[in-house]
Structures are given as C-alpha cells and as structure tokens.
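Student: I have a structure here, written as structure tokens, and I will follow up with some questions on it.
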Amino acid sequence: MATEKKDISRKLLNPFKGDRAIWFIFLVLAIISLVSVYSSVGYTAVISDTTPLKALMRHMLFVGASFILVILMSNFDYRKFSGLSWFGFLISVTLLVIVLVIGHKDNAAGSGMSRWIYIPLIGRFQPSEFAKVIIIIYLARLLAQEKATLHEWTTLRKILIPVFAIIGLIIFDNLSTAFIIFCVCYAMLRLTTVSKKQLWLTILVLVTTGLLAILITDKLDLKFMERANTWTSRIDKWLNFDEEQLSQESMARMAVASGRFVGVGVGSTIQARLMTQANNDMIYAIIVEETGMLGGALVFLLYLFLYIRCIRIAWRCKGDFGRMTVVGLGTLIFIQASIHMCVSVGALPVTGQTLPFISSGGSAYLCMGLALGVIQSVAYDVNKSESKNTIPETNGNKATSDEKTI
C-alpha cells in the first residue's frame, strides 16, 4: 500500500513523462514560437481587427493547452490508442465530409486556404490537421494486426483503403497535406513485409488517375477540383519567379536574404510588417531574417534531433504498434517542418504548411501536441519496461509485445 501511494505521489510530482530530450526540444520550440509570433503577427492582427498583444495572448493559450495535452497523453497507456484510433478515424472522415459540404474558406487575404469549421471554445478548426495524425495511428494499428499476412494483396488492399479515403477527402482542398500523409504512410509501409511490387503498382495507378483528374479540370468546370488552378499557378510562379513582383514568396526571400549570418535582431523584422502569413506559412523566413543563418540552422537541428530521438524510441520499443506509431508521427513532424522551411527559403512552391510547434494556429498546434503526446506515451512505456528489465523477474515470463493488447 505504501509503495502504491509512493508511485502515485511520484506521478503527481513528475507529470512530464517520456523522453526528457523531447520535452526540452518542445519547450525551446515553444519559446521560439512565442517570440516569433509576437514579432511577426502585427500585420495579420491589423487586418483581423485586433492587436499584436491580443493575438499573442490567444497563441499563448494554445501553446499552454498543447503542453497540457502532451502531459495527459504521455500519462496514458499508448496501447489504448490502438482501439481509439478506429473511433478517431470515423470522426476524421465525418468531419472531412462535413467541411466539404458546409465548411468555410479563409479568403481574408485572398489565400483560399483549406476549409474549416467553427467549434465552440476552440474556434476555427481544420479537420485535415486532426486526420493526418489519426490516420498514422490507425495505420500503425492495421500494420500490427495484419503483420503475418502483409505480403498478401487482400491485406494490402485492406490497409490502403482507409489511407486513400482520408487522402481523397483532403486532396481537393489541401494537396500538400494529402502529399505529406501519402509520404508518411508510404515510409511506414516500406518498413514492413508488404510486397513492394504490389505497393508500387497501386501507387502508380492512383498517381496516374490523379494527374488525369487535374488535366481534365482544365477542360471541365468541376467545382470539387477548383483548387487545381491554384496548384498549377503556385508551381508556375515558383518555376518562373518574378523578383520584381511584391508577393508573399518574394518578401520571404528578401527576409531570408537580409538575415545573412546573425540576422537583423529579434523584433527588428521589416518584411513581416507587410506579409499576411508571416506568423503562419512563412514564419521560418522571419526567424532567419531576425536571427540569421545561425538561428535558422538551430531551428532545423532541433527538428532533426527530435526526429532522431523518435527513431531511437522506436528502435527500443518491443511492440509493432508502438514502433510504427512513433516512426509515423516522428516522420510527420519532420517532413512538415522540412517542407515549411524549404518553402520559406524558396526551395519549394508555396504549400501553406505551418512550422510545427512554432507557427500560430489553434488546430494545427493542438494536433501536433496530440502527436507529440502519443510519442511521449510510447517513450514512457519504453523507459518503464527497460527499468523493469533491470530487476530479476520472479513471476515467470511476461508478454512484452503490444500486439496482444490491440
């Protein structure tokens, strides 16, 4: 009894479960986020009829809520996420269908960004942000359950149907998010015994179908494919970049160029005063402008180190579900961060992807907090299992694989 009370007290006194390095990285990114958002949110606040201070306070609420979410998730047995992922998948599909039917578009600055719905207390919510986290957890569940028959076509089809259902519902309004989901899920599948020939054949058919759909859009006035013109326009602008045209892309490149090695100083940004998405889609450019190549490299190394820690956790995890979940969610965070940074410096066309744990945005920040919380839950279980293994067992062999609890 005394031991149980001691364990409960220890949990209450130390709520930060999981990998300490990841907690440290999360804290540093959150601090960078608060400073960068306050520095770059000025113009966005003006056109939104608010003040930079109020915008910062709102962002602080989401940062704080994300910390609480990570703490809650890290104290939760990650094996239970397997069963909950099916329910989360159904919610994701429902929300994505609703947003296609009655969703709103953010055209405040003519951006035509992905659709959203309004949820009380949360505000604008983008279901695609939630869906890309849930589908990774759900795919990890399927890969763990069907481990013995992954080489069969019927099993591969069973696994790919939910993945491409989510991608199909997202791609019409958010091609970049659909692409990220595809890349992460493909990486997860390549780590299994799935037939590479069958996988590539399926991908080839789907990609060909998608390209044909985009080409047909140029001839037919299809409402559900109206974003195709935006995709082609962004690629064309990127390939034929006009330095004299004042745009988000040109201002981001000027911000990066003016940053040089040490930057112009925190709070001294010039380009953010004119950019409508400086605190969201182009915040990395503002970070480089204010802190230079040195600050930009530091941010990249933080994401790289976070990804390395995720791979290390996955390597140490004994169960397939936990391993695949950490690999998928870690890859999601790193790929999205890399795409955002490449867009900000002009290496990729504009995508509208936020910088995880730094860019402002309620639903995006919370959903990334959910992903990190699940990763920390697996890390906590791994640490606990390894500490138990240092003590000689007297109760016989115990199952260590999480497949038996799925």
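Student: Against the conditions (1) assigned to a helix (DSSP H, G or I); (2) modelled with pLDDT under 95; (3) surrounded by fewer than 24 Cβ atoms within 10 Å (Cβ to Cβ), where does T331 fall short? Just the number, please.
Tutor: Of everything listed in (1) assigned to a helix (DSSP H, G or I); (2) modelled with pLDDT under 95; (3) surrounded by fewer than 24 Cβ atoms within 10 Å (Cβ to Cβ), T331 misses just condition (2).
Student: Within the stretch 258-283, which residues are crowded, with 24+ Cβ neighbours inside 10 Å and among the charged types (D, E, K, R)?
Tutor: Across the stretch 258-283, the qualifying residue is only D281.
Student: Here's a follow-up. If we keep just the residues of the stretch 128-159 that are free of Cβ contacts under 8 Å to residues at least 60 places away in the same chain, within 30 Å of A55 (Cβ to Cβ) and not hydroxyl-bearing (S, T, Y), which is surrounded by the fewest Cβ atoms within 10 Å (Cβ to Cβ)?
Tutor: Ranking the candidates gives I134 first.
Student: Another one. So which residues in the stretch 340-356 are of a type in the set (A, V, I, L, M, F, W, C), over 22 Å from I117 (Cα atoms) and buried (at least 20 other Cβ atoms within 10 Å of the Cβ)?
Tutor: The answer is M341, V343, V350.
Student: Okay, next question. If you check A337, A379, which single one turns out to be in contact with a Gly (Cβ under 9 Å, 6 or more places away or on another chain) and either at pLDDT 95 or above or of a type in the set (S, T, Y) (or both)?
Tutor: Of A337, A379, the one residue that is in contact with a Gly (Cβ under 9 Å, 6 or more places away or on another chain) and either at pLDDT 95 or above or of a type in the set (S, T, Y) (or both) is A379.
Student: Another question about this same structure. Got a sec? Which of L121, L150 is under 23 Å from L191 (Cβ atoms), out of contact with any strand residue (DSSP E or B) (no Cβ under 8 Å at 6 or more places or on another chain) and modelled with pLDDT under 90?
Tutor: L150
The rows are residues; the columns are (1) of a type outside the set (A, V, I, L, M, F, W, C); (2) in contact with an Asp or Glu (Cβ under 9 Å, 6 or more places away or on another chain).
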{"position": "W231", "(1), (2)": "no, no"}
{"position": "L239", "(1), (2)": "no, no"}
{"position": "S247", "(1), (2)": "yes, no"}
{"position": "A255", "(1), (2)": "no, yes"}
{"position": "R260", "(1), (2)": "yes, no"}
{"position": "G263", "(1), (2)": "yes, yes"}
{"position": "L274", "(1), (2)": "no, no"}
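Student: Exactly one of these conditions fails for Y284: (1) more than 30 Å from G18 (Cβ to Cβ); (2) in contact with a Leu (Cβ under 6 Å, 6 or more places away or on another chain). Give me its number.
Tutor: (1)
Student: Could you check the stretch 256-282 and list, in sequence order, the residues that are in a helix (DSSP H, G or I) and either without any contact (Cβ under 8 Å) to a residue 40 or more places away in the chain or in contact with a strand residue (DSSP E or B) (Cβ under 6 Å, 6 or more places away or on another chain) (or both)?
Tutor: If the condition is that a residue be in a helix (DSSP H, G or I) and either without any contact (Cβ under 8 Å) to a residue 40 or more places away in the chain or in contact with a strand residue (DSSP E or B) (Cβ under 6 Å, 6 or more places away or on another chain) (or both), then A257, S258, G259, Q271 are the ones that fit.
Student: Same structure again: Just to be sure before I move on: is W23 surrounded by 13 or more Cβ atoms within 10 Å (Cβ to Cβ), under 20 Å from A379 (Cα atoms) and either at pLDDT 85 or above or of a type in the set (G, A, S) (or both) in the structure I sent?
Tutor: Criteria met by W23.
Student: When you scan the stretch 45-104, how many residues do you find that are hydroxyl-bearing (S, T, Y), part of a helix (DSSP H, G or I) and either in contact with a His (Cβ under 8 Å, 6 or more places away or on another chain) or farther than 23 Å from R141 by Cα (or both)?
Tutor: Qualifying residue count for the region: 1.
Student: Being out of contact with any helix residue (DSSP H, G or I) (no Cβ under 6 Å at 6 or more places or on another chain) and either hydroxyl-bearing (S, T, Y) or more than 20 Å from T351 (Cα to Cα) (or both) is the filter here, so list the residues in the stretch 165-188 that pass it.
Tutor: If the condition is that a residue be out of contact with any helix residue (DSSP H, G or I) (no Cβ under 6 Å at 6 or more places or on another chain) and either hydroxyl-bearing (S, T, Y) or more than 20 Å from T351 (Cα to Cα) (or both), then A165, S176, Y186 are the ones that fit.
Student: A further question on this structure: Within the stretch 334-352, work out how many residues are of a type in the set (V, I, T), outside any helix (DSSP H, G or I) and either under 29 Å from M73 (Cβ atoms) or without any contact (Cβ under 8 Å) to a residue 12 or more places away in the chain (or both).
Tutor: Adding up the residues that qualify gives 1.
Student: Only residues that are assigned to a loop (DSSP other than H, G, I, E, B) and buried (at least 24 other Cβ atoms within 10 Å of the Cβ): list them for the stretch 357-383, please.
Tutor: Of everything in the stretch 357-383, those that are assigned to a loop (DSSP other than H, G, I, E, B) and buried (at least 24 other Cβ atoms within 10 Å of the Cβ) turn out to be F357, I358, S359, S360.
Student: If you scan the stretch 160-179, which residues turn out to be under 14 Å from the mean Cα position of the chain (by Cα) and buried (at least 19 other Cβ atoms within 10 Å of the Cβ)?
Tutor: N174, S176, T177, A178
The values are calculated or read from the model by the stated rules, or taken from the named source; none is laboratory data. If you're wondering where the values come from, they're calculated on a predicted model, not measured in any experiment. All Cβ positions, glycine included, derive from the backbone under ideal geometry; neighbour counts span all protein chains shown.
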